[in-house]
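Working notes, structure below.
The values are calculated or read from the model by the stated rules, or taken from the named source; none is laboratory data. Model, not experiment: these values are computed from the prediction. So basically every Cβ, Gly included, is an ideal-geometry build from the backbone, and we count neighbours across all protein chains shown. The accessibility values were calculated without ligands, DNA or RNA, using every heavy atom of the protein model including side chains. Shrake-Rupley method; radii C 1.70, N 1.55, O 1.52, S 1.80 Å.
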Amino acid sequence: MAIGKTRSNKRSSNSSSSSTLTTIIFVALCIFGLWLLAPSNILFPRSTSQISATTSSQSSSISESHENHPTKPIAKKSQPVFEDSQGDLPDDAIKADHETIHDEPKEESSEHSNDSAIIENSTEKEAQVESDDSKKQDSEQEINNGKSESSRDNNNEAEGGGGGGKEVDRYVKEKDSDLEENSRGLHGPESVEELEKQKNQETQNSEESSINQNQEAEETREEQTSVFHARDDQSRGENHQEDSPRDEKLKNDKSSENKEHEISDEDQQKRLEQHQKQEDDQIQQGNSQEETKGATSRDQIEHDEAHIAQTVDQIVQSTVMGRKDPENHESQQNSLQNKNSAENISNEETDKKDKPSKPDNSDSFPSGESSEIPKESKESKKAWSTQAAESENQKERRKVGTDDQDGSSYGYQWQLCNVTAGPDYIPCLDNEKAIAKLQSRRHYEHRERHCPEEAPTCLVPLPEGYKKPIEWPQSRDKIWYHNVPHTKLAEVKGHQNWVKVTGEFLTFPGGGTQFIHGALHYIDFLEEAVPDIAWGKHSRVLLDVGCGVASFGGYLFERDVLAISFAPKDEHEAQIQFALERGIPAISAVMGTQRLPFPSRVFDVVHCARCRVPWHAEGGTLLLELNRVLRPGGYFVWSATPVYQTLDEDVQIWKEMSHLTVSMCWELVTIKKDKLNSIGAAVYHKPDSNECYDKRKHNHPPMCKSDDDPNAAWYIPLQACMHRVPVEANERGTDWPEEWPRRLQTPPYWLNRSQMGIYGKPAPEDFTADYEHWKQVVRNSYLSGLGISWSDVRNVMDMRAVYGGFAAALKDLKVWVLNVVNIDSPDTLPIIFERGLFGIYHDWCESFSTYPRTYDLLHADHLFSRLKKRCKLILVMAEVDRIVRPGGKFIMRDDSNTIGEVENLLKSLHWEVHLTFSKNQEGILSAQKSEWRPDSHIASP
């Protein structure tokens, strides 16, 4: 018992001493805490709420206090004050501070209420502080999930407490002092104020995170219930339609002198008779050994052809591919409000027999366009040659390159080009280094293409004062001066009504050197001279050589004739740029040492009006190039001074020209004088058979060798020879195409069923299916589903045409389309010309021969996925940016991965991406160019 009592007394004594010591320390700490709080009454509401939540009995009191007197967070001195606006955030993201208080777990109350235990065991308290932070974050997540109300009700029911705001503040101050003192013991020099700031920051971050989560959740819900289409273009610019009166007829001081040198009607008739006599004399009797045209048989370059959509599904709601760019998201939402009506459009059912069976998928391309695009048949590769194969003698010009696959191009730092040409920079025509190394310029070598080894990645600046181009047809008569700020042509050709400066405009009276009084009179004059020309019916596609500002081609649109004009970038300042700014088809090219980038036998008419080309020189090499591209039975119209003047130089040129054309078996149909313009024109007709060739006395110019491919045209030197006219029924060139417009939709007669088309069907059926496909895509998607204002569109380029179906589908719009057939694709360009359209060969690893800012819309169908196997996409996108006008559009169809790469590049160029959509790894992208230009220039080379 003694032992037991002794132990009992010891335990009692120890307990009493411990209790006394605890009480003394507690009182001392309370006094010290009150002394610390005395200088300032500022409290952090969020921290107060969190600490006061340690006991459930005080929770309801604080709740009542906040309901009666809501508090706002007091910002730290180093940060600005931010207040949440309920109009800017979702409802579930806006929470009062008291809701956070009521959501604390009950277990915290019992632990925080035991003050003495906290003092005795500091390590346990430190762990509890960390646990408090963790539980606080968990409670805020419960708030975002809508659990705050039930938590508040449970706390109120369990504790049932309440109290005045003053009592709560007093209690909170006391607890703050306890916690502050305890924190000093736990964390050394770290103050309670720093702890509170840290907690406030964590709370604020947690709330911002929950707000962002709510916003993203709401955006996701909106995307899943919406069909996004491209935003409508901005309202059209003001169309200035000022009709300036025609200038008075200019008096030419040399008119009387010219009349003295004009040939008389009798001399004109003698010229015709003499030409006919020369034709008869050069014919020889007997049979000449017939030369046969050699067929080319070469290995094709491996390539993958495009997918084209062959069938159309019912329209369903589309889900836009999610790259959550806020700007893009907003634009798609705006577009959606104006495009919901597109959901009700029903599409035509197409032939399902040849359509490969695929799993049903509820997602579809915008406006009902199907993504089920058939693959190109591998067997078709054997049936088609490529321009690269046909031009195999060209030297290798490209280096193999691969594009970045990690999307790092999105952050590419663009710079302005530092070149002499400035805003008019054409990389392949302004390569000063290459031009300086030329051994000769006698044959205009310096005006030909000399591309850099690698296309530039710099951007071309805008001219100062650039404005949105004037719409067609007003643009044919006037353009903004600041868009093409060149006046030299107005100074030297203004008296011939080429171009004039009229205030802030450059105006085009419609004249030219040979048609001062207007192109329309001249066009009708030519048809009167040769009725068989039959503009817009028999003659549809025309090549205008040395076109000036292309007024002749611009007015041929009124006769339903499609003319492509070309001229070099020479001392006639910016003539091609004038043409394109006016909305008239044109390219920069020259009759030099290489073939023109066109197939053989494709143009119905070739026209030269004072084009300054020496056709008669050097054995007629340049005229023989026109003979190559002119269709058998086609016409060459030559309107130049040697035709109607008698100056010694003109007479000599006429004699040489007459001798050359007779040797080429060209028939001189007529020499006609235009009294109004005081000019004359000679019209020649190319033979449609080999009869004349076989009867010539002299083989000059010679016939081309049988292995010379007339269709090879990519960097091929000129050949001073003539190709025989095809004679087999299934050869292209034996018959004239159907009259326009029937030829547009009629498969060429020389496409036979035994030949496999690009997409695996017999060629004629392939042609028709392609046309039907593009008609439906244009009608159901491009015209209404991409937000494009087509009245703003005039100059269009199909960067990878096959049969020309896209261009054909736009026939009824006031646009023209330049079809580009890539050199490594099947050579289908003759088909495009045969149907009454036009195009050109090109390699998109090089820059195109056009001025900057010359196209309103570029269309690329499965082009870039093939290009990136040969060259870097960033080079191609820099070229796209160069040739598209500010405000111009870009439509791209390709595989989803390539769509993503191009989208990143477009965003880095500050283009506005209206739409991206993908299904079954096939995608579509629609974008619009802005006026953004970088501030810095690249370093001088």
Whether any residue in the stretch 480-492 is closer than 25 Å to Leu906 by Cβ, under 27 Å from the mean Cα position of the chain (by Cα) and not acidic (Asp, Glu) is what I want to check.
yes
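Among the candidates Lys468, Lys500, which residue alone is in contact with an Asp or Glu (Cβ under 9 Å, 6 or more places away or on another chain) and open to solvent by 50 Å² or more (accessible area, probe 1.4 Å)?
Values: Lys500 fails: open to solvent by 50 Å² or more (accessible area, probe 1.4 Å).
Exactly one residue qualifies, and that residue is Lys468.
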Considering each residue of the stretch 839-879, count those that are part of a strand (DSSP E or B) and either within 22 Å of Pro456 (Cβ to Cβ) or touching a Cys at 6+ places or on another chain (Cβ under 8 Å) (or both), and give that number.
6
Determine whether the stretch 702-709 contains at least one residue that is touching a Leu at 6+ places or on another chain (Cβ under 7 Å), closer than 23 Å to Glu618 by Cα and crowded, with 19+ Cβ neighbours inside 10 Å.
no
Against the definition (within 22 Å of Gln594 (Cβ to Cβ) and at pLDDT 95 or above), how does Glu625 come out, yes or no?
yes
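I need the strands (runs of 3 or more DSSP E) fully contained in the stretch 498-588, keeping only those with at least 2 residues that are within 20 Å of His486 (Cα to Cα). First the steps, then the outcome.
Values: elements: 500-502, 505-507, 541-545, 562-567, 586-588.
Filter on the stretch 498-588 gives 500-502, 505-507, 562-567, 586-588.
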I'd like the full set of residues that are assigned to a helix (DSSP H, G or I) and open to solvent by 20 Å² or more (accessible area, probe 1.4 Å), limited to the stretch 772-811.
Glu772, Lys775, Arg779, Trp790, Ser791, Asp792, Ala809
Scanning the stretch 643-663 residue by residue, those farther than 29 Å from His521 by Cα, among the hydrophobic types (A, V, I, L, M, F, W, C) and surrounded by fewer than 22 Cβ atoms within 10 Å (Cβ to Cβ) turn out to be Leu660
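Suppose we filter the stretch 667-695 for residues that are among the charged types (D, E, K, R), under 19 Å from Val725 (Cα atoms) and buried (at least 19 other Cβ atoms within 10 Å of the Cβ); how many remain? So that I can check it myself, show each step before the final result.
Initially, the stretch 667-695 is screened for residues among the charged types (D, E, K, R), giving 667, 672-675, 686, 688, 691, 694-695.
Next cut, under 19 Å from Val725 (Cα atoms) only: 667, 686, 688, 691, 694-695.
So of that shortlist, the ones also buried (at least 19 other Cβ atoms within 10 Å of the Cβ) come out as 686.
Going through the stretch 667-695 one residue at a time, the tally reaches 1.
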Please work out if Tyr412 is touching a residue at least 24 places away in the same chain (Cβ under 8 Å), open to solvent by 60 Å² or more (accessible area, probe 1.4 Å) and under 16 Å from Lys569 (Cβ atoms).
no
Quick one: in the stretch 525-570, which of the residues that are under 22 Å from Met797 (Cβ atoms) and of a type in the set (Val, Ile, Thr) is surrounded by the most Cβ atoms within 10 Å (Cβ to Cβ)?
Val549
Filter the stretch 720-762 for residues that are under 35 Å from the mean Cα position of the chain (by Cα) and more than 20 Å from Arg631 (Cβ to Cβ); the one that is modelled with the lowest pLDDT is Gln755
Please count how many residues of the stretch 488-545 are acidic (Asp, Glu) and in contact with a helix residue (DSSP H, G or I) (Cβ under 9 Å, 6 or more places away or on another chain).
4
Within the bounds of the stretch 698-719, is there any residue that is within 31 Å of the chain's Cα centre (by Cα) and of a type in the set (Ser, Thr, Tyr)?
yes
Number of the exception - Ala769 against (1) under 19 Å from Ala563 (Cα atoms); (2) open to solvent by 10 Å² or more (accessible area, probe 1.4 Å)
(1)
